Amino acid sequence: MSINFPLLLVIAVAVCGLLALLDLLVLAPRRRAAIATYEGQVGEPDETVLEQLNREPLLVEYGKSFFPVLAIVLVLRSFLVEPFQIPSGSMKPTLEVGDFILVNKFAYGIRLPVLDTKVIEVGDPQRGDVMVFRYPSDPNINYIKRVVGLPGDVIRYSSDKRLFINGQSIAEALLGEEAGSLGTAVLYKEKLGAVEHLIRKEMSRYRIEPGREWKVPAGHYFMMGDNRDNSNDSRYWNDAKIPKSLLGMVPDKNIVGKAFAVWLSWAEPKLHNLPDFTRVGLIR
């Protein structure tokens with residue numbers, strides 16, 4: 001069962017905020033009135049009694065303590081930066097399994113938490129961006145891929161593993177075999193828009209039928225992993241509930257943000273396996 005963390009965070013902030021408000025408007029005035037009554041009834045007030053009369057209920061005390069912390073986390077996570085961990089190798093060699101990344105939440109517009117409604121336009125995804133989005137067939141799952149097709153584009157991926165956008169072949173330069181691949185994996189440098197990045201192909205594998213094309217509708221994006229033969233992306237999604245013209249497309253409403261940096265890499269979080277900081281840096 002997937003957990004809707006943004007919803008839980010909003011509920012936690014709301015509950016803690018209501019407890020703090022309840023104390024401010026109702027409980028605190030009652031405590032002050034009780035103290036004033038007690039002090040008027042005795043000559044010398046007992047400090048222990050005063051402390052007991054002024055003591056906040058435990059639930060209120062916790063709520064007031066957690067409220068500012070949770071509120072700051074909500075604002076940072078919803079509108080500024082959200083951390084993610086890479087669970088698969090679909091973006092190799094750009095991102096490795098276990099990479100902890102940071103995602104810019106306002107690069108493509110300010111959205112309300114939970115509702116994900118865009119309230120302020122900021123910018124649109126650009127070709128070559130590495131983007132986190134909610135999987136169209138199951139919005140509870142976050143995916144990360146590279147933006148290949150923009151609204152209106154015609155995308156083709158041929159049987160010899162070449163990418164074409166609007167009839168133009170995308171330039172790629174052979175870099176050589178991947179270390180330890182036994183001659184099956186090859187690295188290329190590809191240029192999408194203004195972005196130069198590495199892609200990985202396994203030359204013994206052919207998953208695409210010849211001449212397949214996709215037309216990207218308005219308000220949608222076509223996504224591909226840099227690990228071209230090991231990526232569940234726009235080329236392969238299939239869902240009977242989604243219209244055929246939208247199969248494989250990521251709607252604007254599903255966008256989470258732009259991945260921009262790796263801040264830690266830890267494939268196996270165990271005591272004997274320390275985190276790796278050598279991969280820290282900006283994502284290309």
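General observations
- For segment 221-266, the percent of C-alpha pairs falling in each 5 Å distance bin, counted from 0 to the bin holding the largest distance, reads 4, 17, 21, 22, 19, 9, 5, 3.
- Count Lys and Arg as plus one, Asp and Glu as minus one, and take only other residues whose Cβ is under 12 Å from that of Ser78; the net charge is then +1.
- Rounded to whole Å, the principal axis extents of the Cα atoms in segment 116-155 read 28, 25, 17, largest first.
- The Rg/Rh ratio for segment 5-80, using Cα coordinates for both the radius of gyration and the Kirkwood hydrodynamic radius, is 1.19.
- Protection proxy ranking, highest mean first, for peptides 101-108, 212-219, 185-192: 101-108, 185-192, 212-219, where packing is the per-residue count of other beta-carbon atoms within 10 Å, averaged.
- Number of Lys-Lys pairs in segment 78-213 with C-alpha atoms under 27 Å apart and a separation of 8 or more places or on different chains: 19.
- Shape parameters for segment 44-160, alpha-carbon atoms, Rg then Dmax in Å: 23.1, 92
- Residue-averaged 222 nm ellipticity for the chain, from DSSP H runs of 4+ at -39500 (n - 2.57), nearest 500: -6500 deg cm²/dmol
- Diffusion constant of segment 75-132 at 37 °C, which comes from Stokes-Einstein with the Kirkwood Cα-pair radius and 0.692 mPa s, µm²/s: 260
- The long axis of helix 28-41 is offset from the longest Cα principal axis of the chain by roughly 20 degrees.
- Only one residue of Ala12, Gly63, Ser88 has its Cα farthest out toward the positive end of the dipole of the chain, where Lys and Arg carry +1 and Asp and Glu -1 on Cβ, and that residue is Ser88.
- Kirkwood hydrodynamic radius over Cα pairs of segment 121-200, then Stokes diffusion coefficient at 4 °C and 1.567 mPa s, in µm²/s: 89
- Angle of helix 5-22 to the longest C-alpha principal axis of the chain, folded into 0 to 90 degrees and rounded to 10: 20°.
- Order of Phe5, Phe164, Phe66 - criterion: other Cβ atoms within 10 Å of each residue's Cβ, fewest first: Phe5, Phe164, Phe66
- Enclosed volume per residue, in Å³, of the convex hull spanned by Cα atoms of segment 86-282: 139
- Angle between the chain longest axis and helix 58-75 axis [Cα atoms, degrees, rounded to 10]: 30
- Protection proxy ranking of 233-242, 169-178, by the mean of other Cβ atoms within 10 Å over each peptide's residues and highest first, is 233-242, 169-178.
Only the coordinates and a few stated rules stand behind these numbers; no lab work does. Only a predicted model underlies this, so the values are computations on that prediction, with no experimental measurement involved. Cβ coordinates were reconstructed from backbone atoms using ideal geometry, including for glycine residues, and neighbour counts include every protein chain displayed.
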